[in-house]
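A short worksheet on the structure shown next.
The values are calculated or read from the model by the stated rules, or taken from the named source; none is laboratory data. The structure displayed is predicted, hence computed values, not measured ones. Every residue, glycine among them, receives a Cβ derived from its backbone with ideal geometry; neighbour counts consider all protein chains shown.
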Amino acid sequence: MTDSTLIHATNVIGGNVTQPNPNAPVLDVINPANASVIGKVYLSDTNSLNEAVSAAQNAFESWSKTTIKNRVQVFYKYKTLLEDNIEELTDLIIREHGKIYSEAKAEIEKAIEIVEFACSLPQIVPGEVLEVSRGVECKSYREPLGVVASIVPFNFPSMVPHWTIPIAIALGNSFILKPSEQVPLSAMRIAELLKEAGLPDGVFNIVQGDKTIVEAICDHPDIQAVSFVGSTHIAAVVYERASANLKRVLALGGAKNHLILLPDAHPDMAASNIIASMSGCSGQRCMAASALMAVGDVDHIIEKMVEEAKKIIPGDNLGPVISAAAKERIENYITEAEKAGATIILDGRNPNVDGNKDGFYVGPTLIDNVTPDMAIAKEEVFGPVMSITRVKDISHAIEIENSSEYGNGAGIFTQSGKIANEVSKQLQSGMIGINIGVPVPREPFSFGGMNGSKFGAGDITGKSSIEFWTRIRKITSKWNPEAAVNWMS
């Protein structure tokens, strides 16, 4: 498959790809590496959502009555299909998102890991039974909610949808996915593989669209729960709107992840981890570190960071950002910081990329002497850019981190276990790293932040997600007529 082969992305409803409305708005799907058009996405109206919800409702009746042991058999087969098609799925992410090969493949591998967790759910949610009084028994079990929906962003076309798809469906819900209109193609392939794995028609549906469909999902009376991943501003709007319509909502927002660097940190390990955190996935991930709090004399480590960053070459081991608008926005942050008095120690603006002069590339950028009041120190840049703020002590670094509106990830680099443990308890972030630049938990531990990085209760993956996608039913029974009559009778 080449960039000249156009893929048409439309809705998948009731297991079938629907014919696009000829009057529907159409957007180009752009390969960010060279600005070529690789597909078309048809944006749908609320009628398409109504059709998807109807198909999901019809499928829910039989799917929810299927035992969880039988439901997860689909995902055992689906896991094998992901493994068998990993190269194709990797290539699709490279083309529609721009990730380098290793990052795109790692995204599918993480999706497989979450599917594995979903396959383990029969052992995790078996319910409970207890004789609470002589002759009186209480039991509880979890049951699905009904039709649920997930709205996902552009930065992980496969991994983020898999945060929700296998868990919610294995727990018995029927599902509607609204992918980003910038990367709709991976979602279409997910639908095909789920159907091939034996998932009944209507259990999984896709609606393509933009703001109109997002609002319709928040308002639809027959959608019981909504998950969202995106910017903090939109996450707050989705949470407020969907909650007002009495839905369960878990909305993950943006981040401004701080790392604290101490002079005793292992120089090579710290430098490589910090730069990898800043530049991985071109900085387009909510766990990317973009602010470094430099405590004391750490110049020897910052020098190594520059050396590590120079090894990252746009078009080689660094992919493009998602769009021309994103490139312009990121480079404007760098320029504004320079004008405000910061020092550019490695400048990634407008790199030359052989063979891809039209690609949306920003090179790795390190900016020293950034003050906490600068925009680049406070706002989410979402690019391969690291701002360095010099602080007098650890308390000052913690104060800056905890003053952020966000709270996704944070970390500290030090050889002192005592200091690391004390600091990790004080940082106001949901995921903390000690000598790790990207502290993403692995299954069954859950992913989720704090403060303005998350709206709603619980987390979106791991054991914590089970609570979100199910409700608990409690039954108390007495079959022994000789049992004493008491307040339970």
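Hey, could you check segment 68-125 for residues that are of a type outside the set (S, T, N, Q) and not in a helix (DSSP H, G or I) and say which is surrounded by the most Cβ atoms within 10 Å (Cβ to Cβ)?
We begin by selecting, within segment 68-125, every residue of a type outside the set (S, T, N, Q); these are 68-69, 71-72, 74-79, 81-84, 86-89, 91-101, 103-119, 121-122, 124-125.
Then drop every residue that is not not in a helix (DSSP H, G or I), which leaves 98-100, 125.
Working: G98: 28, K99: 26, I100: 19, V125: 16.
Here the residue is G98.
Name, by its number, the condition in (1) out of contact with any strand residue (DSSP E or B) (no Cβ under 7 Å at 6 or more places or on another chain); (2) over 23 Å from T232 (Cβ atoms); (3) buried (at least 17 other Cβ atoms within 10 Å of the Cβ); (4) not basic (K, R) that does not hold for F382.
Of the numbered conditions (1) out of contact with any strand residue (DSSP E or B) (no Cβ under 7 Å at 6 or more places or on another chain); (2) over 23 Å from T232 (Cβ atoms); (3) buried (at least 17 other Cβ atoms within 10 Å of the Cβ); (4) not basic (K, R), the odd one out for F382 is (2).
Any residue at all in segment 367-384 that is in contact (Cβ under 8 Å) with a residue 60 or more places away in the chain, assigned to a strand (DSSP E or B) and more than 23 Å from the chain's Cα centre (by Cα)?
yes
Between a residue in segment 197-223 that is in the same structural domain as L171 (by TED's automatic domain parsing) and any residue that is among the small types (G, A, S) and surrounded by fewer than 16 Cβ atoms within 10 Å (Cβ to Cβ), which pairs come within a Cβ distance under 8 Å, given they are 6 or more apart or on different chains?
Taking only residues 6 or more apart or on different chains, the pairs are P200/S62.
Which of the following residues is part of a loop (DSSP other than H, G, I, E, B), under 25 Å from S102 (Cβ atoms) and of a type outside the set (G, A, S): V362, V306? I'd like the intermediate steps shown before the answer.
On the way: V306 fails: part of a loop (DSSP other than H, G, I, E, B).
Being part of a loop (DSSP other than H, G, I, E, B), under 25 Å from S102 (Cβ atoms) and of a type outside the set (G, A, S) holds for just one of V362, V306, which is V362.
Report yes if some residue within segment 311-327 is charged (D, E, K, R), in contact with an Asp or Glu (Cβ under 8 Å, 6 or more places away or on another chain) and either on the phi > 0 side of the Ramachandran plot or not in a loop (DSSP other than H, G, I, E, B) (or both); otherwise report no.
At the first step, the residues of segment 311-327 found to be charged (D, E, K, R) are 311, 316, 327.
The next check asks that each one be in contact with an Asp or Glu (Cβ under 8 Å, 6 or more places away or on another chain); those that pass are none.
No, the conditions are met nowhere in segment 311-327.
Please give the number of the condition I38 fails out of (1) under 27 Å from A168 (Cα atoms); (2) surrounded by 17 or more Cβ atoms within 10 Å (Cβ to Cβ).
(1)
Please state which one of V148, V183, V226 is aliphatic (A, V, I, L, M) and in a loop (DSSP other than H, G, I, E, B). Write out each step before concluding.
Details: V148 fails: in a loop (DSSP other than H, G, I, E, B); V226 fails: in a loop (DSSP other than H, G, I, E, B).
After ruling out the rest, the residue left standing is V183.
If a residue has to be over 17 Å from F447 (Cβ atoms) and either in a loop (DSSP other than H, G, I, E, B) or at pLDDT below 95 (or both) to count, how many in segment 403-423 make the cut?
Filtering segment 403-423 down to residues over 17 Å from F447 (Cβ atoms) leaves 403-405, 412-423.
Next, from what is left, pick out any that are either in a loop (DSSP other than H, G, I, E, B) or at pLDDT below 95 (or both): 403-405, 414-416.
Count: 6.
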